[in-house]
Amino acid sequence: MTSRQLRQYLSPRAAPAWPGPDRAVTDRELVAELRRRQYMALLEHSPDAIVIVDAVGRICEWNPAAEALLGLPRDTVIDAGVSDLIPVGRRGEFDRAWAELVGGRPGLPPSTHDLGHGETRGPVRVLTASIQAGGGFAGAVAILRTAPEEGRSPGPAPGARPLPARAVPAQPSWSASRDELTGLPAKEDLQERLTEQVPDGWYRGVAALDLDALASVNEAYGPDVFDEVLQDLARRLASVPTAAYLGRWQPEVFVWVVDTQDATTDLTDLSRSVMTSLHEPFQVGADRLRFTPSMGIATSATVPVAGLLPAAMGALRAAKDAGRDRVAWYSNGAPSGPTGALRLDADLHDGIANDELRLHYQPIVELADDAVVGVEALVRWERPGVGLLRPASFIEVAERTGQIIPLGAWVARAACRAAVELRPADGGPFSVSINVSGRQLGDPGLVAMLDAALRDSGCPPEDLVVEITETALMDDLSVAVATLEEIKAMGVKLDLDDFGTGYSSLVYLKHFPVDRIKIDQSFVAGLGADHADTVIVASTIALAHAVGIRAVAEGVETSEQLELLSQMGCDYAQGYLLGHPLDAEALARWLAERRAGIGPRAQAAARDTGGPLGDAIGTGSPATGDPRQGRADQRDAVADERDGAADLRDAVADLRDQMADVHEGDTAAGDTAADHRDDAVPDPGTGATEGGEHHPGIGRPEATDRRQQAADLRKDGADDRDRARQRRDVAAHDRDEVAARRVPPEREREDAVDDEPDQGPAPHLT
């Protein structure tokens with residue numbers, strides 16, 4: 001991004017970056033625009049002078065407080081080099097500081113300088129931090145504030161619009177305490193920030209992070225390498241875009257503090273961004289090592305402000321005790337004291353009894369024909385006085401206290417009712433998936449509970465899918481096998497969730513009667529960008545098909561991921577690209593609209609690519625223009641979809657051929673081994689071969705089986721190609737109909753005249 005583009009985006013005087021009226025605004029765009037406006041308000045009304053420069057030192061933002069403090073109008077300094085404003089005698093000091101920022105230092109220690117103009121000239125405190133983007137240096141921001149001992153403040157520029165009361169929280173009073181190693185605010189700064197008053201109507205949130213097993217670096221590589229890892233960690237954390245205040249609390253613990261109207265959402269977004277930023281390995285000496293992060297989070301919605309930090313630290317310990325590489329919330333079984341946990345347990349018990357639970361549903365789409373074939377039910381808790389909570393906030397407590405059993409029974413009953421209500425009128429396939437935990441799997445009453453839920457709702461067993469994770473199967477394999485076989489005997493389908501994240505995935509495929517595996521979103525996220533993830537997903541899909549089960553890709557968020565999954569022959573997909581979790585009422589409307597028009601996969605592609613179809617989908621109304629042309633365009637779109645499905649069938653057939661070749665290779669190897677053994681058979685009467693009894697012809701049955709498997713695979717490939725040809729024939733027929741319907745207007749008028757009855761010669765006018 002150039003300096004001019006960055007200035008245009010950040011400038012409070014710039015036009016809003018809303019999409020045009022011809023398409024709907026996505027959630028991502030709404031969030032981006034909200035963030036932009038928040039930054040606009042911060043720049044416009046901040047009492048601190050703020051100067052932002054790009055990667056080559058050009059000034060791209062200069063707020064009203066900077067105009068007032070330094071006496072230079074914004075228009076005269078934009079695009080100028082910041083070094084041009086530095087006195088000649090201090091250029092060397094500036095160049096050294098700039099080199100440190102470019103070299104990767106997160107920030108510079110606070111410093112005091114004699115700045116200003118006229119009567120406002122005096123000591124000014126300057127805080128400078130680097131801006132990181134795309135893994136590299138993208139610029140710097142300087143915050144200038146009149147030194148406290150002078151008792152003056154720059155204040156806003158004349159004519160600046162005052163903010164409404166309590167529109168933004170009070171700014172932290174910056175101190176001189178900076179961590180020497182990382183350049184981040186130190187413990188004293190964080191303590192000061194935590195003691196500030198929270199504005200009325202706002203919530204405070206605190207998050208604590210520690211890299212798992214980081215201490216072992218000091219033991220194995222020495223303190224110097226350990227410090228380098230901590231500096232790299234600090235740079236990554238500082239580059240995460242957030243309004244939260246970040247500092248180093250303990251040698252290996254980093255803490256964020258944020259005041260906002262929705263601390264839960266903000267810290268959820270922060271935790272996701274942090275996990276992503278730490279996905280790449282760290283350079284540890286000559287090695288590249290991966291460290292998993294653990295985070296603990298608490299908000300003033302459930303914890304008194306004074307207890308937020310202890311609660312977050314307790315949640316961090318709980319995250320580590322639960323297996324590390326995860327985020328734990330205070331209400332997730334990690335309170336700072338016993339009363340909070342007891343209150344949550346009691347509230348959850350009452351919530352189940354008082355019907356405070358809700359189900360949201362995320363669509364599952366079949367990639368071959370773009371049909372919505374089912375949904376995954378996701379439980380929510382409408383906790384009084386707190387709001388709608390996601391499972392991460394209460395499931396662990398439910399597991400630990402045994403309330404997961406009545407909670408799971410409620411989910412099963414509600415999901416079965418939903419399956420009946422949402423089933424399409426044409427009787428097409430539609431299922432509702434529910435998640436079953438390890439604690440539920442060990443419950444002797446699980447099968448009876450599912451049977452009662454099916455009978456009471458009238459839901460056919462095949463419309464219910466039970467999802468189990470690999471970790472839920474690890475406690476007692478024999479009990480899990482027996483329970484799942486009982487569930488399968490009822491006619492209920494089984495999904496193996498989060499496939500690939502456990503330790504014995506292939507063992508589960510061998511022992512458990514699963515119908516589908518769900519590829520974990522951590523692998524899907526890397527499709528097309530990470531070679532290892534791409535290979536893992538492709539191999540997992542091929543493995544599933546080889547053992548006769550289907551594959552579902554979770555967390556699909558981009559069209560590129562969707563296209564790659566189609567090329568790999570993946571059967572189903574779910575994710576934000578195809579549909580967000582919706583409550584029952586919203587889902588019913590969503591399904592009605594999709595069943596009446598074009599499928600979700602084509603809609604996702606249209607939203608990404610734009611154009612007339614994308615415009616029509618984005619606004620929820622038909623494309624404007626000639627109705628016949630619109631119908632013709634729809635037929636073209638359907639024909640394109642059929643062509644895409646035909647290409648998919650061809651790709652699947654090719655994959656089957658490749659697998660057949662592998663089987664035949666194994667068969668040839670078996671034949672060779674058998675021939676060698678046959679050659680070793682002694683002549684009649686000579687007795688057994690040396691070393692023991694001889695069994696002539698061993699390996700031939702295995703070779704025969706493999707030949708049969710190869711033949712079956714080739715037959716399936718031929719069937720796939722036949723279906724591909726049929727789809728192409730239908731697509732060609734559709735295009736012929738489209739061409740026939742696209743009649744030029746002049747021809748239509750001629751045909752209309754020709755079709756009029758003969759009225760005889762026209763009368764003469766006299």
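The values are calculated or read from the model by the stated rules, or taken from the named source; none is laboratory data. Bear in mind the structure is a predicted one, so any value in this text is a computation, not a measurement. Cβ atoms come from the backbone with ideal geometry, glycine included; neighbour counts cover every protein chain shown. Each accessible area value is taken on the protein alone, full model and side chains, heavy atoms only, with ligands, DNA and RNA left out. Shrake-Rupley method; radii C 1.70, N 1.55, O 1.52, S 1.80 Å.
The figures follow:
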quantity: Accessible area (Å², 1.4 Å probe, nearest 10) - residue 62; calculated: 10
quantity: Accessible area, probe 1.4 Å, largest first, for residues 455, 235; calculated: 455, 235
quantity: Label-point separation in nm, residue 589 to residue 531, each point 7 Å along Cα→Cβ; calculated: 4.8
quantity: Using a Förster distance of 41 Å, the FRET efficiency for residue 292-residue 547 (Cβ separation, nearest 0.05); calculated: 0.85
quantity: For residue 131, residues with placed amide H under 5 Å, excluding near neighbours; calculated: 138, 139, 140, 141
quantity: Computed label-point distance, nm, for sites residue 482 and residue 111 using a 7 Å Cα→Cβ extension; calculated: 7.4
quantity: Carbon and sulfur %, accessible surface of segment 356-426 computed with the full protein complex present, 1.4 Å; calculated: 52
quantity: Built amide H within the under 5 Å cut-off of residue 292, gap 5+; calculated: 212
